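*Asks:* Pasting a structure here, questions to come.
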Amino acid sequence: MLQTGIQAPAFFLPDQNGKSVSLSDFKGQKVILYFYSKDMTSGCSKQACAFAELYPQFMEMNAAVIGISKDTIASHKKFEEKYSLPFILLSDTEKTVLRLYDVLKVKKSSGRITMGVVRTTYLIDENGNIIKAYENVKAADNPAQMLKALEE
């Protein structure tokens with residue numbers, strides 16, 4: 001996990017519509033950058049839907065919500081449409097940004113060792129600095145946690 005107080009690493013990734021998105025596109029507003037493992041899974045769907053429910057409040061606070069996973073653009077589009085997600089989903093199939101943000105870790109599950117995404121959320125300020133970092137977040141609770149962090 002990256003530490004607070006540092007400049008958030010720059011990136012360009014395609015969104016669910018194939019449009020290239022850069023972190024610098026959001027200069028002047030706060031960014032909630034959340035990393036999740038897979039579209040359409042139970043925990044990831046709960047997290048995305050909770051972000052969608054609170055999205056108007058994030059907008060009122062001038063905060064963009066961006067989800068990133070290793071899923072494809074097509075997968076993100078289906079995920080967006082199924083749950084009417086109002087925010088950006090970025091596709092990192094090469095896992096470049098996942099590595100930049102230190103969220104790709106060795107995981108043990110059922111005796112198997114694999115590389116996977118650790119559910120992590122960063123709050124980035126208007127100048128691109130990481131001001132809060134949360135690792136191993138609880139999917140359903142994370143959006144409310146981020147709303148509270150914005151209010152602090």
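The values are calculated or read from the model by the stated rules, or taken from the named source; none is laboratory data. Please read all numbers here as calculations on a predicted model, not as lab measurements. Here Cβ is always computed from backbone atoms with ideal geometry, including for glycine, and neighbour counts include all displayed protein chains. With ligands, DNA and RNA removed, areas are computed over all heavy atoms of the protein, side chains included. Shrake-Rupley method; radii C 1.70, N 1.55, O 1.52, S 1.80 Å.
*Asks:* Choose one answer from Gln29, Gln47, Gln16: the residue with the largest mean-square fluctuation in a GNM of the chain with alpha-carbon springs under 10 Å.
*Replies:* Maximum among the listed residues: Gln29.
*Asks:* Enumerate the amide H contacts of Asn129 below 5 Å, restricted to partners 5 or more residues apart or on another chain; note that Pro and chain-start residues carry no placed amide H.
*Replies:* Under 5 Å from the amide H of Asn129 lie the amide H atoms of Ala8, each far enough along the sequence or on another chain.
*Asks:* Further, regarding this structure: For the range 97-103, in order, what is each residue's ³J(HN,Hα) by Karplus, 6.51 cos²θ - 1.76 cosθ + 1.60 with θ = phi - 60°, in whole Hz (x at glycine and Pro)?
*Replies:* After applying 6.51 cos²θ - 1.76 cosθ + 1.60, I find 6, 4, 6, 4, 8, 6, 10 Hz.
*Asks:* Kindly identify the chain as rounded, prolate or oblate by the Cα gyration tensor criterion: order the square roots of the eigenvalues as a ≥ b ≥ c, call it rounded if a/c is under 1.5, otherwise compare a/b with b/c, prolate if a/b is larger, else oblate.
*Replies:* Rounded shape, in that the Cα axes give a/c under 1.5.
*Asks:* Net charge near Gln29: determine it from the other residues with C-beta under 13 Å of the C-beta of Gln29, scoring Lys and Arg +1 and Asp and Glu -1.
*Replies:* Every neighbour counted, the sum reads -2.
*Asks:* When the chain is fully extended, how far beyond the present Cα-Cα distance does Thr4 get from Met61, taking 0.36 nm per residue of separation?
*Replies:* 18.5 nm
*Asks:* Pull up the DSSP beta bridges for the chain and report the antiparallel fraction as a percent, rounded to 5.
*Replies:* 70
*Asks:* Let me have the relative contact order for the range 41-152, percent, based on Cα pairs under 8 Å that are six or more residues apart.
*Replies:* It comes to 26 percent, rounded to a whole number.
*Asks:* Taking the Cβ of Thr121 as the centre, find all other residues whose Cβ is under 9 Å away and add up their charges (Lys, Arg: +1; Asp, Glu: -1).
*Replies:* +1
*Asks:* For a quick protection proxy, order the peptides 126-135, 62-71, 2-11 by their average other-Cβ count within 10 Å, most packed first.
*Replies:* The peptides rank, most packed first, as 62-71, 126-135, 2-11.
*Asks:* Placing +1 at every Lys and Arg Cβ and -1 at every Asp and Glu Cβ, with all other atoms neutral, what dipole size does the chain have around its Cα centre, in debye to the nearest 20?
*Replies:* Charge dipole of the chain: 720 debye, to the nearest 20.
*Asks:* Right, next: So for Asp92, Asp102, Asp25, what's the accessible-area order with a 1.4 Å probe, most first?
*Replies:* Of Asp92, Asp102, Asp25, the descending order of accessible area is Asp25, Asp102, Asp92.
*Asks:* Turning to a different aspect of this structure: So with the 1.4 Å probe, I'd like the accessible area per residue for the chain, rounded to whole Å².
*Replies:* 50
*Asks:* Turning to a different aspect of this structure: Counting Lys +1, Arg +1, Asp -1, Glu -1, what net charge surrounds Met59 among other residues with beta carbon under 14 Å of its beta carbon?
*Replies:* Combined, the nearby Lys, Arg, Asp and Glu give -1.
*Asks:* Let me ask you something else. So how many Lys-Lys pairs in the range 3-76 land under 22 Å Cα to Cα, not counting same-chain pairs under 8 apart?
*Replies:* Within the range 3-76, the lysine pair count is 7.
*Asks:* Beta carbons within 10 angstrom, averaged per residue: use that to sort the peptides 137-146, 77-86, highest first.
*Replies:* Sorting 137-146, 77-86 by mean packing, highest first, produces 137-146, 77-86.
*Asks:* Subtract the Cα-Cα distance of Glu53 and Lys138 from 0.36 nm times their separation in residues, and report this length gain in nm to one decimal.
*Replies:* The Glu53-Lys138 span can extend by a further 29.0 nm.
*Asks:* Add -39500 (n - 2.57) for each DSSP H run of 4 or more in the chain, then divide by its residues: what number comes out at 222 nm, to the nearest 500 deg cm²/dmol?
*Replies:* -9000 deg cm²/dmol
*Asks:* State the Cα centre-to-centre distance between the range 123-152 and the range 10-43 in whole Å.
*Replies:* 14
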